[in-house]
Amino acid sequence: ESGKSQHDYLLPSKGKSMIEFYSGIPYVALGQYGYGLSKRVSLGIIYGYTPFEKGYGLRLKAVIAQPSASFRINVKSPFIYYPGMKKDDGEPWVLAWPTLNGDLKLKNGARVWAGVGLIGAACVDYLFESGGHEGEGEHDPNGTDPMPPKGEEDMFSLFNTFQFGYSKPLSDKWSFIAEVAPVMEGLKLKSPNGFLDTAPIIVTLGLSCSF
C-alpha cells in the first residue's frame, strides 16, 4: 500500500467533519454534513431533492464490529422528513432506512460491501393522529357523501433491501462512492405502485470529503 492515501469514505475521525455529495435514483441531488462523535460513530444532517420532492433529516453511521484490520461491520441509517409530498395531497411523510453491512478493505485501499436493510415510510398523520385516516372516511369538501377512507397500506410502507457498493480513495481527503440497493417485498422486487413508484431500486453515486 506504499504511501497511497487511505481515505475512509464512511466516517470522519473523532472531532473531524465530512461532507458528501450524491446523485442517483430516486434523488437527483443530495448533500450531507457529518461530524465524528468518536472514531466509530458519526452523525450528519441531510438535504436533498428527488424529481418530485425535497427532504431533510439526520443520518447515523457506526462501526459496530471490526474482526480484522480489513473487515468491519457497520450500520447506516438516514431519517428523512418530506414536508409536503405533492403526489400524496401535500401531506408530510417520514422515512427511515437502517442497514447492516459487511465492509471489506482491498489491498489497493478500495472497499467493497454488501448488506441488508429495511425501508419504512409513513404519513405523519398516520403516525401521530391515531385513526385520522380510518373509520368513517373523509368528507367531500363539497359537502356530499364521505370520501372513501385511505387504507393503512396507503399511509405506511415497509420494504427490505439488499445493497452492495464500492468506494475508492481519490486522495487523502476524497473518496468516490457507488452503491446499488434493489427495493424488495420479501424475495421479489417491489411492485411499481405507491411509494418509490418511479423505480424499485436505489442508486447512489457520489463523493465524500473529510476535513
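The values are calculated or read from the model by the stated rules, or taken from the named source; none is laboratory data. All values derive from a computational prediction rather than experimental measurement. Here Cβ is always computed from backbone atoms with ideal geometry, including for glycine, and neighbour counts include all displayed protein chains. When the accessible area is computed, the model is the full protein with side chains, heavy atoms only, and any ligands, DNA or RNA have been set aside. Shrake-Rupley method; radii C 1.70, N 1.55, O 1.52, S 1.80 Å.
Listed values, structure above:
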{"quantity": "Residue count, the range 92-124 (criterion: part of a strand (DSSP E or B) and farther than 25 Å from PHE156 by Cβ)", "calculated": "9"}
{"quantity": "Residue pairs meeting the criteria (Cβ under 8 Å; at least 6 apart or on separate chains; first closer than 14 Å to LYS190 by Cα and touching a residue at least 24 places away in the same chain (Cβ under 8 Å), in the range 156-169; second among the β-branched types (Val, Ile, Thr) and surrounded by fewer than 17 Cβ atoms within 10 Å (Cβ to Cβ))", "calculated": "ASN160/VAL116; THR161/VAL116; PHE162/VAL116"}
{"quantity": "Number of the condition not met by GLY165 [criteria: (1) at pLDDT below 80; (2) in contact with an Asp or Glu (Cβ under 7 Å, 6 or more places away or on another chain); (3) surrounded by 17 or more Cβ atoms within 10 Å (Cβ to Cβ)]", "calculated": "(1)"}
{"quantity": "The range 171-211, subset of a type in the set (D, E, K, R) and modelled with pLDDT of 90 or more, residue most open to solvent (accessible area, probe 1.4 Å)", "calculated": "LYS188"}
{"quantity": "First in the range 115-127 and crowded, with 20+ Cβ neighbours inside 10 Å, second anywhere and acidic (Asp, Glu) and part of a strand (DSSP E or B), Cβ under 6 Å, 6 or more apart", "calculated": "CYS123/GLU91"}
